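Below you'll find the structure, written out as structure tokens, and then a few comments.
The values are calculated or read from the model by the stated rules, or taken from the named source; none is laboratory data. Computed from a prediction, not measured in an experiment: that's the story for all the values here. Neighbour counts run over all protein chains shown; Cβ positions are idealised from the backbone, glycine included.
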Amino acid sequence: MPTDSPSPPPRLTAIRGSAISFSGNPFHLPARACFIHHADALILIEDGRIRAFEPYDPARVPAGVTPVHYENALICAGFVDTHVHYPQVQMVGSFGEQLLAWLERYTFPAERAFADPAHAEMAARVFFREILRAGTTTAAVYCTVHPHSVDAFFAESERFNTRMVAGKLLMDRNAPDDLRDTVERGYEESRALIRRWHGNGRQHYCVTPRYAGSCTEAQLDSAGALLREHDGLFLQTHLSESPDEVAWVRDLFPARSSYLDVYAHAGLVRPRAVFGHGIHVSEEEFCTCHATGAALAHCPTSNLFLGSGLFRLFDALDPRRPVRVGLGSDVGAGTSFSALRTLGEAYKVAALRGDALDALRAFHLATLGGAQALHLDDRIGRIAPGYDADLCVLALDATPFLAFRTARCESIEDLMFVLMTLGDERTVRATWVAGECVYDASRLPDPFRYPGSPEGE
Ligand SMILES: [Zn+2]
């Protein structure tokens, strides 16, 4: 056996620029204990992982490596979107409905188109380009009921080498015939997808019952069985998004003490479970999330767009029993892929509740907070040695007005707040995935590049 053949030399890359990261949650710790800002940082990357994050010193740059220098920019960990529907890319900005009618009028027709695998492949291509353009490097993603919608999604994720969490919808009632599965079919199709994709490179499988209204009790139980039978799976579904939905679920499951209890009864409330929205939940449901390690996805643009309600972010993060909370775009009810735009709306939702969401807490929510919600905070969400080199580079001069406004910021906190108030996709100059620059806004005509394809795709 060729045991002594030399291993290939490590792939080394260096990035230089102003950069921020978190080592803890500023909701619970003073900034000096959890926030790192290097006004001129050196980020050393070795084989896709961060080797060093420290103040720039030319003596620390390895021989033969020229740092990629981002001037007039702010570098942070890639954004984490904890709730998004890739099949709904084509229905963003559809008029006039609230949740239950929205599903009937817009969502089901959009998802029906995924019966055609070519449509799923097209939508996956569009989706990945939009999230990378927005600086998002990991997302928890709902596919459709069709297994090939998951294959199309993960295949595109594999091309970009992104760390993604996704799964096939389970939906065996209260949906059109051609969008329903059965308990058995949903279980078998999920099992086959788990075998194909879970732990394959950076892909993670997520058991995905749409929500209590579209799944029988038997189907929720079968989702629980899948989670028990495989290690490390994720679970995502919707929880207490609108008052009508909460009342309906109470009628569907009269024996359960709360909406969350419907899921708990099936064994779905656990670590790596992410519940979308959780707007109309009780203190007891917050306590259950805290005790079990289950997370909530805060989706402010969606909640405002559908008129669903105002998420109680500061209650959820109460240090006496903090719930894991991530930020979600919830496209297509959400109106933007951009974490910056979404944070701007999160600020307004908090303001309507009498709270002030400062920039440190907000950026934590969109990066390390999302990673914690997914229990991936040992791999992503930080710029720190050993972490995946998933990064987002924000341009302070992305628009003339942003250049004008950011030039007048007197502190890093001011600057970050202006970015989340005025920023959007245009603000993202580059997105790095596992140490490769997969999106560079200045690389024209095609700013996207799969790793290992120097001439583009
Ligand atoms: Zn959703």
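Things to note:
- Condition met for Ser282 (in the same structural domain as Ala212 (by TED's automatic domain parsing), within 16 Å of the ligand (Cβ to nearest atom) and among the polar types (S, T, N, Q)): no
- Criterion: within 16 Å of the ligand (Cβ to nearest atom), out of contact with any Ser or Thr (no Cβ under 6 Å at 6 or more places or on another chain) and β-branched (Val, Ile, Thr) - qualifying residue of Thr66, Thr82: Thr82
- Selection status of Asp251, assigned to a helix (DSSP H, G or I), touching a helix residue (DSSP H, G or I) at 6+ places or on another chain (Cβ under 8 Å) and more than 24 Å from Leu376 (Cβ to Cβ): no
- Cβ pairs under 6 Å, 6+ apart, first in the stretch 296-310 and away from the ligand (no atom under 12 Å from the Cβ), second modelled with pLDDT under 95: Gly307/Gln98
- The numbered conditions (1) within 16 Å of the ligand (Cβ to nearest atom); (2) under 15 Å from the mean Cα position of the chain (by Cα); (3) of a type in the set (S, T, N, Q) are all true for Asn174 except (2).
- Exclusive hit being out of contact with any strand residue (DSSP E or B) (no Cβ under 6 Å at 6 or more places or on another chain), within 19 Å of Thr136 (Cα to Cα), within 16 Å of the ligand (Cβ to nearest atom) and not assigned by TED's automatic domain parsing to the domain that holds Thr421, set Ala333, Ala359: Ala333
- The helices (runs of 4 or more DSSP H) falling completely within the stretch 14-113 that include 3 or more residues that are touching a helix residue (DSSP H, G or I) at 6+ places or on another chain (Cβ under 7 Å) and buried (at least 17 other Cβ atoms within 10 Å of the Cβ) map to 108-112.
- Neighbours by Cβ (under 8 Å, 6+ apart or cross-chain): first from the stretch 98-119, under 16 Å from Val150 (Cβ atoms); second loosely packed, with under 14 Cβ neighbours inside 10 Å: Ala115/Asp178
- Of all the numbered requirements in (1) surrounded by fewer than 24 Cβ atoms within 10 Å (Cβ to Cβ); (2) charged (D, E, K, R); (3) under 15 Å from the mean Cα position of the chain (by Cα), Arg320 misses one, and that requirement is (3).
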